[in-house]
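This report refers to the structure that appears directly beneath it.
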Amino acid sequence: MTTTLKLRGDAAALPPGAAPDAHGHEAARDHAHDHAHHAEQAESTLKLGFWIYLMSDCLIFASLFATFGVLLNGTAGGPTGRELFDLRFVLGETMLLLTSSLTFGVAMLKLHEGKNGQGNPQAVIRWLVLTFALGAAFVCMEVYEFQELLHEGAGPNRSAYLSAFFMLVGTHGLHVSAGLLWIIVMVNQVQVFGLDAVVRRRLACLSLFWHFLDLVWIFVFTVVYLREFL
């Protein structure tokens, strides 16, 4: 008698005509939907936060460019950029960095290669390593340029113009160095975790950062170096 009442009570708790396990399937479905919704919200928040960071970096570089423009003629009787810079050398730096942007683009294409866009982890790693090598060569050339200027007595304390130059170009170089460290981290993560959703999202952010630095360098090359020889 008790068992019969219990069964009837359970059946009454279910919608008419529903199987006893329909409730469980519906709850699981709702849970999966909520989880996917929260994941989408988290990804959107992350992307927004990274774009805000890039905008703050834009403000930093805009301030540095403005400072350089104001101090452009503040050589204090010292050497000008035309006397100090080797345009062919700087053009070589520029080609290295622009080529690294291309190789990173190929790495992102390999990220979505294959059946159902699963990607090719080994190809992604190879192109990231090539990007790292080009970026590292760029930084080495920049350090060499700074050493030559210091050796010639054209350090940041020589004039306001050179102070602004070292600050602008040096800040960009530090950003590229940070990008190189980030590439190393991502190569390790691809090796360990493969191309899961988190790794893909981080690579997308790194791609934005790297292309942003290339864009900034185009302005640096034009405003700081090329202008001296026009």
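Before moving on, here are some points about what is shown:
- The Leu46 and Tyr144 beta-carbon pair, evaluated with R₀ = 41 Å, returns a calculated FRET efficiency of approximately 0.65.
- Over the stretch 76-145, the pair-distance histogram of Cα-Cα distances with 5 Å bins from zero comes to 4, 17, 19, 15, 12, 10, 8, 6, 4, 3, 2, 1, 0 percent, rounded to whole numbers.
- Here the peptides 191-199, 203-211 are ranked by packing, the mean other Cβ count within 10 Å, and the order with the highest first is 203-211, 191-199.
- Peptides 179-186, 62-69 ranked from most to least packed by the mean count of surrounding Cβ atoms within 10 Å: 179-186, 62-69.
- Heavy-atom accessible surface of the stretch 163-230: percent carbon and sulfur, 1.4 Å: 74
- The distance separating the Cα centre of the stretch 66-83 from that of the stretch 167-227 comes to 29 Å.
- Rolling a 1.4 Å probe across the protein heavy atoms gives the stretch 86-229 an accessible surface of 47 Å² per residue.
The values are calculated or read from the model by the stated rules, or taken from the named source; none is laboratory data. All of these numbers come straight from a predicted model, not from anything done at the bench. As a convention, Cβ positions derive from the backbone with ideal geometry for all residues, glycine included, and neighbour counts pool all protein chains shown. When the accessible area is computed, the model is the full protein with side chains, heavy atoms only, and any ligands, DNA or RNA have been set aside. Shrake-Rupley method; radii C 1.70, N 1.55, O 1.52, S 1.80 Å.
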